[in-house]
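Participant: Dropping a structure here in structure tokens format, bear with me for questions.
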Amino acid sequence: MDIDSLRPHLSPTASINFATDAEFHTNTERWSTYKPPTPGAVVNVATEEDISATIKWAITNNVQFLARSGAHGSTFTFSALSQAGIVINLRFMNKVTVDLANSKATISAGAITSEVLTAAHAAGAHVATGQCNAVGAITAYLGGGLGNQKAMYGLGVDNMLEARLVTATGDVVVVSEMENKELWWGLRGAGHNFGIVSQLTVKAYEQVNRGLHWSGTLGYPGATENVGKIVGAINTLGFGQGKPMGCTMVWARAPPDFQPMVLVNVWYGGSASLAETTFAPLLSLGPFLNTAAPTPYPGVNSVNDFPSIKDGSKRMIFGTSHFSINPETIVNVFTDWETFTRETPDASHSIVLTEYYDAAKEAEVDIDETAYPWRGRNVYMLAVGQFTDMAYEGKVQEWGARFKSLLVKEEERTVYVNFATGDEDLEMVYGGKERLDRLRALKAKWDPNGAFSYYNAIK
């Protein structure tokens, strides 16, 4: 590719890296190295105009491209981007401004979740985000925007006010309730199909409890009987009743002896006394580890950092979403995970996350208001098969298939798009035929040639 012809159209602070450059690895590194994109170059954009110029150059020269911010998406559809293509690295566009007086925050294309939390706290505000610090903030919003704070403020898509979208022609359009209204519907839940959001404006709120939340980790031995008790306790907490709480149960093998552990990362949007009363059923089980404590707003996601570390591992993800799951079912899934990680040493770092959210607030919004199809679900499960040797690819895939089948019949499975593997039926990800047809019409209008087709694309 003659990428040198792009340089005159870029701003002075933009740059281009090739595989021989020291910065290339840093600017293309991903959370998962399983079937990753393999670009021939990376364009590090610094302005909206850079994004536009790069897309126009790529379309003119028939060069495939993929946008990157936090680089945690792990669908294997990324692998279709070859060395003949480029990555548009948004990470240097990470400005976040908060205007609490007007109840809004503006997020630039490459900002990650932790940067949004930090900026919001500095302004005395709350902004609904995902619960993983290192993930691209806008990309999380576009898929739906799951996170603990949706208990207070609703889904990320319900907090979006306006987007500046660089389309498949390189043109910039404003998308909101007032402009390009049908596209606004599709952007909120399937947004990665239609362009690159260079700037997103979202709602900002006055902080609760002066920005002091309650969060931490409760640790329990990874015995089957403990899992049943823990899940039973979680089921009594009152999810769905509008409480400002959330928790994520993680199964992992911890050093030094790598015996199974059950970790429960807890969050409460309020005082420690109310939190401890709310989570009493879990605390009464006598965790051997308890780090839960009052936590300033920028630190509320820190307990979830370890699963998102980029360490060069191959990772496959397998997701499901549910209104509820009974303890017996989860115990069966745990037993299979424990056996798999014990008998497959190269995949012993594989984990399972069960994310519990209060969905009462999001349920106040009509299901047809946005393209996000799984409104009202309280439980999202995600199996992460982590391995290093491709010889174990088949075993990880078999475990993922068992994980899904133990939880739900395949024809009844629903998957959050940001947890999709890449081989799911599109109705399973985007909703039923009527919703998918509506999204296909938008795709045909805004991206008829499929320029944005590397992340669980609508076809």
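None of the figures in this text is laboratory data; all of them are computed from the coordinates on show. Note that the structure is predicted; figures quoted are calculated from it, not measured. No Cβ is skipped: glycine too gets one built from the backbone with ideal geometry, and neighbour counts run over all protein chains shown.
Participant: I'm spelling it out carefully: the read-out is Cα Rg over 2.2 N^0.38 Å, the candidates are [x] 2.61; [y] 1.08; [z] 0.95, and one was derived from this structure. Which label?
Facilitator: [z]
Participant: Sequence neighbours fewer than 8 away in the same chain don't count; with that in mind, list the lysines whose C-alpha is under 21 Å from Lys104.
Facilitator: In chain and number order, the partners are Lys95, Lys150, Lys181, Lys203, Lys361.
Participant: Shifting gears a bit: Per the Kirkwood formula on distinct C-alpha pairs, the Rh of the stretch 55-200 is how many angstrom?
Facilitator: Values: mean 1/r = 0.0636 Å⁻¹.
Across the stretch 55-200, the inverse of the average 1/r is 15.7 Å.
Participant: Shape of the stretch 210-419 from its Cα gyration tensor (a ≥ b ≥ c, root eigenvalues): rounded if a/c is under 1.5, otherwise prolate when a/b > b/c, or oblate?
Facilitator: Oblate, because a/c is 1.5 or more while a/b does not exceed b/c.
Participant: With θ set to phi - 60°, apply the Karplus curve 6.51 cos²θ - 1.76 cosθ + 1.60 along the stretch 14-31 and write out the HN-Hα couplings as whole Hz, x wherever there is a Gly or Pro.
Facilitator: 6, 8, 10, 10, 10, 4, 7, 7, 4, 7, 4, 4, 4, 8, 10, 4, 10, 4
Participant: Same structure, new question: Work from the charge dipole of the stretch 3-89 (Cβ charges, +1 for Lys and Arg, -1 for Asp and Glu, about the Cα centre) and give the residue of Val63, Ala22, Ala53 farthest towards its positive end.
Facilitator: Positive-most Cα among the choices belongs to Val63.
Participant: Would you work out if the stretch 2-103 is rounded, prolate or oblate? Take a ≥ b ≥ c from the square roots of the eigenvalues of the alpha-carbon gyration tensor; rounded if a/c is under 1.5, else prolate when a/b is larger than b/c, oblate otherwise. Please list the in-between numbers first.
Facilitator: Details: a/c = 1.82, a/b = 1.22, b/c = 1.49.
Taking the square roots of the gyration eigenvalues as a ≥ b ≥ c, the stretch 2-103 is oblate.
Participant: Further question: Divide by every residue of the chain the summed helix terms, -39500 (n - 2.57) for each DSSP H run of at least 4, and state the resulting mean residue ellipticity at 222 nm, rounded to the nearest 500 deg cm²/dmol. Please report the intermediate quantities before stating the final value.
Facilitator: Values: 13 runs with 123 residues, N = 459.
Calculated mean residue ellipticity at 222 nm is -7500 deg cm²/dmol.
Participant: In debye to the nearest 20, how big a dipole does the stretch 96-206 give about its Cα centre with +1 on each Lys and Arg Cβ and -1 on each Asp and Glu Cβ?
Facilitator: The dipole of the stretch 96-206 has a size of about 180 debye.
Participant: Here's another thing I want to ask about it. Relative to the Cα centre, what is the charge dipole magnitude of the stretch 341-385, using +1 at the beta carbon of each Lys and Arg, -1 at the beta carbon of each Asp and Glu, and rounding to the nearest 20 debye?
Facilitator: Result for the stretch 341-385 is approximately 220 debye, rounded to the nearest 20.
Participant: Taking the Cα centre of the chain as origin and charging only Cβ (+1 Lys, Arg; -1 Asp, Glu), how large is the dipole, in debye to the nearest 20?
Facilitator: The calculation lands at about 180 debye.
Participant: Within a Cβ distance under 13 Å of Val331, other residues only, what is the Lys/Arg minus Asp/Glu net charge? Write out the running numbers ahead of the final one.
Facilitator: Values: positive: Lys229; negative: Glu225, Glu328, Asp336, Glu338.
Net charge in that neighbourhood comes out at -3.
Participant: For the charge dipole of the stretch 89-218, defined by +1 on Lys and Arg C-beta atoms and -1 on Asp and Glu C-beta atoms about the Cα centroid, which residue among Met178, Gly110, Leu165 has the Cα displaced farthest towards the positive pole?
Facilitator: Gly110
Participant: For the stretch 191-292, what is one quarter of the convex hull surface built on the Cα atoms, given in nm²?
Facilitator: 10.0 nm²
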